[in-house]
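Input: a single structure, listed below in structure tokens.
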Amino acid sequence: MKKQDSNAKVKIIPLGGMEQIGMNITAFECEDSIIIVDCGLAFPTDDMLGIDLVIPDVSYLKQNIDKVKGFLITHGHEDHIGALPYILKDINVPVYGTKLTIALIENKLKEHNLLKNTKRKVIKHGQSVNLGCFRIEFIKTNHSIADASALAIFSPAGVILHTGDFKIDYTPVFGEPADLERFAELGKKGVLALMCDSTNATRAGFTPSERTVGKTFDNIFADHKNNRIIVATFASNVDRVQQVINSAAKYGRKVVVEGRSMVNVIGTASELGYINIPDGTLIDIDQLKNYPDEQTVLITTGSQGESMAALSRMASSTHKKISIKPSDVVILSSHPIPGNEKAVSKVINELSMKGAEVISDDTHVSGHACQEEIKLMYALVRPKYAIPVHGEYRHIMAQRNLVQAMGIPKENVIIMSSGDVVEVGQESWKTVDHVQAGGILVDGLGVGDVGNIVLRDRQNLAQNGIIVVVLTLEKYSNQLLAGPDIVSRGFVYVRESEDLMEEARNIVNDAVTDCLDRHVNDWGKIKNVIRDTLSDFLWKRMKRNPMILPIIMEV
């Protein structure tokens with residue numbers, strides 16, 4: 001690593017994760033080296049019909065593949081590691097992260113048959129990696145998943161500190177508090193820019209410690225000694241699961257872990273020693289019937305109302321092995337992610353209809369820093385430039401206001417959009433370019449084959465339905481041999497609208513006959529005439545605009 005140089009510049013290029021929660025990925029470029037921090041996915045919005053997930057567009061990295069040195073991963077959440085299996089296929093460089101993070105990435109690579117071809121390196125907190133002209137140090141932070149890190153990126157232009165997702169927890173359930181001393185040391189030596197998590201920048205005060213949830217669980221267990229208890233939380237929140245297990249052991253209950261992602265993460269975490277499960281506490285789901293209800297606890301996925309997750313299947317009576325009983329107590333140990341509120345309230349209603357008691361107060365704390373912790377981070381690090389990251393636009397603006405209140409001048413707060421290339425040096429910063437960035441849609445095994453046009457068609461089909469007009473013309477003479485037949489899906493129920501369909505058929509018939517009489521032989525033109533006349537007719541009659549698909553066959 002070279003000495004700092006007052007003329008050197010480093011480019012910061014967020015390829016995703018700005019103005020949205022999720023899909024975090026940022027490239028840092030200096031001289032002939034590019035490093036990438038995180039590689040996450042985003043979940044589809046409501047208007048992305050049939051899409052499973054969204055991954056970042058990494059065209060810029062593909063074009064500069066010879067400079068790319070590696071991926072540095074801050075922690076093991078889907079919005080930071082989820083896109084790796086898709087992107088490593090094109091950008092096969094080593095992946096660096098802490099123990100649990102790499103183990104969770106390996107689970108993903110196994111599913112995609114990429115374990116053999118991907119280099120992985122486990123880094124301890126406090127250790128550094130040298131990649132090209134960068135040196136990157138992993139610093140311990142707290143978050144709602146163990147082994148989270150901030151990254152200090154040492155470059156010729158100065159130190160850039162990326163917090164990753166963080167909160168400051170002085171009494172974490174597992175491991176040490178965040179390494180605040182290291183942040184302060186770096187701050188003393190001088191930090192060029194701080195890229196700080198903004199997810200909770202709109203919330204005043206401090207985020208409570210994870211342990212406060214353990215107290216709530218304890219009280220609930222004490223108050224419900226005669227009920228079966230079901231706890232739904234995020235699969236990745238190992239500390240939350242640990243606290244449920246602590247309460248279960250204290251009150252002599254057996255624990256069942258249910259839901260595929262939950263079983264995966266808890267399995268990995270207990271193998272690596274991130275969770276301590278007393279012997280004989282865990283039982284298999286098939287053994288539940290051997291124990292009375294008041295001696296069991298279920299820990300399950302589905303706290304966000306996801307339709308396929310275990311809790312939602314229990315609520316809708318489609319779970320093969322578990323049915324909700326009127327005496328059950330269900331604890332929802334998470335906060336609805338924006339956009340999931342409806343799904344969550346639907347699950348709560350379904351559970352309540354079955355007589356279960358649903359508890360969601362004080363059963364969750366956030367994994368992200370509130371305003372006071374963000375201020376503490378800035379007070380320790382004292383950066384020249386502030387670059388708010390991770391959050392929607394309103395969160396990033398909220399952080400900007402906090403930072404200005406702490407005395408960082410307005411012109412030193414850098415607000416970036418995905419795809420911006422921001423060049424930062426000791427003296428100044430500027431946006432020098434914009435590269436291709438955005439979401440690539442994954443549907444089943446297809447990556448990027450569904451674009452805006454296909455989505456527009458899907459929305460149109462979903463809103464208006466489709467009408468297919470089939471007719472057969474004789475070769476050469478263009479005589480109408482059969483049809484036009486009309487098939488409709490999602491437009492009207494044909495059996496109850498025979499008159500309408502008959503009328504539509506006559507209108508198409510007249511239009512086609514008229515074309516043939518005028519010796520129009522171009523099928524494209526005939527199809528357009530069919531489309532236009534049928535569309536006009538249906539709009540006048542029904543004020544509806546179905547998609548119209550004319551099919552002409554030749555005999």
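The values are calculated or read from the model by the stated rules, or taken from the named source; none is laboratory data. In this text, all values refer to a predicted model and were calculated from it rather than measured experimentally. Backbone-built Cβ (ideal geometry, glycine too); neighbour counts: all protein chains shown.
Here are some notes:
- Residues of the stretch 369-391 satisfying the condition of being acidic (Asp, Glu) and either surrounded by 17 or more Cβ atoms within 10 Å (Cβ to Cβ) or within 17 Å of Lys410 (Cβ to Cβ) (or both): Glu373
- For the residues Glu372, Glu357, Glu306, the requirement of being within 30 Å of Glu181 (Cα to Cα) and of a type in the set (D, E, K, R) singles out Glu372.
- Out of Phe183, Phe174, Phe166, sole residue that is hydrophobic (A, V, I, L, M, F, W, C) and modelled with pLDDT under 95: Phe174
Condition check ((1) under 34 Å from the mean Cα position of the chain (by Cα); (2) of a type in the set (D, E, K, R)) across all residues:
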{"site": "Val422", "(1), (2)": "yes, no"}
{"site": "Asp443", "(1), (2)": "yes, yes"}
{"site": "Leu461", "(1), (2)": "yes, no"}
{"site": "Leu481", "(1), (2)": "no, no"}
{"site": "Arg505", "(1), (2)": "no, yes"}
{"site": "Ala511", "(1), (2)": "no, no"}
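- Total residues in the stretch 215-225, condition farther than 16 Å from Leu298 by Cβ and surrounded by fewer than 19 Cβ atoms within 10 Å (Cβ to Cβ): 6
- Test: residue in the stretch 118-128 that is assigned to a loop (DSSP other than H, G, I, E, B), touching a helix residue (DSSP H, G or I) at 6+ places or on another chain (Cβ under 9 Å), surrounded by 14 or more Cβ atoms within 10 Å (Cβ to Cβ) and polar (S, T, N, Q): yes
- On the stretch given as the stretch 398-435, residues that are buried (at least 17 other Cβ atoms within 10 Å of the Cβ) and either in a helix (DSSP H, G or I) or in contact (Cβ under 8 Å) with a residue 40 or more places away in the chain (or both) total 17.
- The stretch 7-30 - residue that is at pLDDT below 90 and in a loop (DSSP other than H, G, I, E, B) and, of those, surrounded by the fewest Cβ atoms within 10 Å (Cβ to Cβ): Asn7
- Residue within the stretch 466-473 that is touching a Lys or Arg at 6+ places or on another chain (Cβ under 6 Å) and more than 30 Å from Met195 (Cα to Cα) present: yes
- Checking Asp147 against (1) within 30 Å of Met397 (Cβ to Cβ); (2) buried (at least 24 other Cβ atoms within 10 Å of the Cβ); (3) of a type outside the set (A, V, I, L, M, F, W, C), the condition it does not meet: (1)
- Residues satisfying the stated conditions in the stretch 473-491, i.e. in contact (Cβ under 8 Å) with a residue 12 or more places away in the chain and outside any strand (DSSP E or B): Glu474, Lys475, Asn478, Gln479, Gly490, Phe491
- Within the stretch 505-549, tally of residues that are among the acidic types (Asp, Glu) and closer than 15 Å to Asn464 by Cα: 1
- Only one of Leu311, Leu332 that is crowded, with 24+ Cβ neighbours inside 10 Å and more than 26 Å from Thr207 (Cα to Cα): Leu311
- Residues being farther than 22 Å from Val487 by Cα and either outside any helix (DSSP H, G or I) or of a type in the set (Ser, Thr, Tyr) (or both) - total across the stretch 503-522: 5
- For the stretch 492-519, a residue qualifies if it is under 22 Å from Leu473 (Cβ atoms) and basic (Lys, Arg), and the qualifying residues are Arg505, Arg518.
- Test: residue in the stretch 291-298 that is part of a loop (DSSP other than H, G, I, E, B), in contact with a strand residue (DSSP E or B) (Cβ under 8 Å, 6 or more places away or on another chain), surrounded by 12 or more Cβ atoms within 10 Å (Cβ to Cβ) and of a type in the set (A, V, I, L, M): no
- Test: Ile73 is under 26 Å from Gly305 (Cα atoms) and surrounded by 24 or more Cβ atoms within 10 Å (Cβ to Cβ): no
- Residue in the stretch 177-185 that is touching a residue at least 24 places away in the same chain (Cβ under 8 Å), in the same structural domain as Asn412 (by TED's automatic domain parsing), assigned to a strand (DSSP E or B) and of a type in the set (Lys, Arg) present: no
- For the stretch 169-197, a tally of residues being over 29 Å from Lys11 (Cα atoms) and either of a type in the set (Lys, Arg) or surrounded by 16 or more Cβ atoms within 10 Å (Cβ to Cβ) (or both) returns 4.
- If only residues of the stretch 248-265 that are within 20 Å of the chain's Cα centre (by Cα) and of a type outside the set (S, T, N, Q) are counted, the one that is farthest from Ile230 (Cα to Cα) is Val265.
- Odd one out for Gly355, checked against (1) exposed (fewer than 13 other Cβ atoms within 10 Å of the Cβ); (2) under 24 Å from Ile245 (Cβ atoms): (2)
- Filtering Met18, Met23 for residues that are within 18 Å of Ile440 (Cβ to Cβ) and in contact with a helix residue (DSSP H, G or I) (Cβ under 7 Å, 6 or more places away or on another chain) leaves a single hit, Met23.
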